[in-house]
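Please read the structure below before turning to the comments.
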Amino acid sequence: QVQLVESGGGLVQPGGSLRLSCAASGSIFSIVAMGWYRQAPGKQRELVAAITNGYRTNYVDSVSGRFTISRDNAKNTVYLQMNSLKPEDTAVYYCNFFPPNNRVWGQGTQVTVSS
């Protein structure tokens, strides 16, 4: 059973930065595509960024140029570097496979962008 544990969220001012981490258990991490997702209050969960096992990346338009997804297969960890944060980035951020597996959603990590 794969477990995903997100960390690194917090309160940050507009224009600030945060780095999220997602630690995965299990031996399949290095061969699967991973994604970061977010859910804002009153909205559906959406894909933010994805990275393949070949390190190709893709981003939703609203974060392109500001967020960077990366992975360290030796540590079974995927990261999301978030720069130039905006209030509309406020959400709970989750990692999961890409496409997601509904059986492995973690607790997520709260990101709040506010002055």
### Task
Write down the accessible area per residue of the stretch 4-115 in Å², having rolled a 1.4 Å probe over the full set of protein chains.
52 Å²
### Task
Please work out, to two decimal places, the log10 of the ratio I(q)/I(0) at q = 0.15, 0.18, 0.21 Å⁻¹ from a Debye calculation in which every Cα of the stretch 66-115 carries one identical scatterer.
-0.51, -0.71, -0.91
### Query
How much of L11 can a 1.4 Å solvent probe reach, expressed as accessible area in Å² and rounded to 10?
130 Å²
#### Entry: For the chain: relative contact order, % (alpha-carbon pairs under 8 angstrom, 6 or more apart)
37 percent
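Fully extended, how many nm does the chain gain between Q110 and R19 (0.36 nm per residue separation, minus their Cα-Cα distance)?
Working: separation 91, 0.36 × 91 = 32.76 nm, distance 1.20 nm.
Stretched out fully, the Q110 to R19 stretch lengthens by 31.6 nm.
Determine the gain in length on full extension of the stretch L11-A33; use 0.36 nm per residue of separation and subtract their C-alpha separation, reporting nm with one decimal.
Gain on stretching L11 to A33: 5.1 nm.
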## Note on the structure
For the stretch 1-41 the mean separation of alpha carbon contacts under 8 Å (6+ apart) over residue count, i.e. relative contact order in percent, is 40 percent
### Query
Each residue of the stretch 93-100 in turn: what ³J(HN,Hα) in whole Hz from Karplus with 6.51, -1.76, 1.60 and θ = phi - 60°, glycine and Pro shown as x?
9, 10, 10, 6, 5, 10, x, x
### Task
Please work out how much accessible surface I69 shows to a 1.4 Å probe, ignoring ligands, DNA and RNA, in Å² rounded to 10.
10 Å²
### Task
At 7 Å along the Cα-to-beta-carbon direction for both D61 and E46, put a label point, then send me their distance in nm to one decimal.
1.0 nm
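Ignoring ligands, DNA and RNA, what percent of the accessible area of the stretch 1-85 is carbon or sulfur (1.4 Å)? Don't skip to the end; give the middle numbers.
Details: 2130 of 4550 Å².
So the carbon and sulfur contribution to the accessible surface is 47 percent.
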### Task
In Å³ and rounded to a whole number, note down the convex hull volume per residue for the Cα atoms of the chain.
89 Å³
### Task
Kindly provide the trypsin sites (Lys or Arg not before Pro) of the stretch 24-115 that DSSP labels as loop, not H, G, I, E or B, and whose Cβ sees at most 12 other Cβ atoms within 10 Å.
K43, R56, R103
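DSSP loop chymotrypsin sites (Phe, Trp or Tyr not before Pro) in the stretch 28-88 with at most 10 other Cβ atoms within 10 Å of their Cβ, which ones?
Listed in order of number, the matching sites are Y55.
The values are calculated or read from the model by the stated rules, or taken from the named source; none is laboratory data. In this text the structure is predicted, and so the values were computed from the model without any measurement. When we count neighbours, we look across all protein chains shown, and the Cβ atoms used for this are built from the backbone with ideal geometry, even at glycine. The area values use the complete protein model at the heavy-atom level, side chains included, leaving out ligands, DNA and RNA. Shrake-Rupley method; radii C 1.70, N 1.55, O 1.52, S 1.80 Å.
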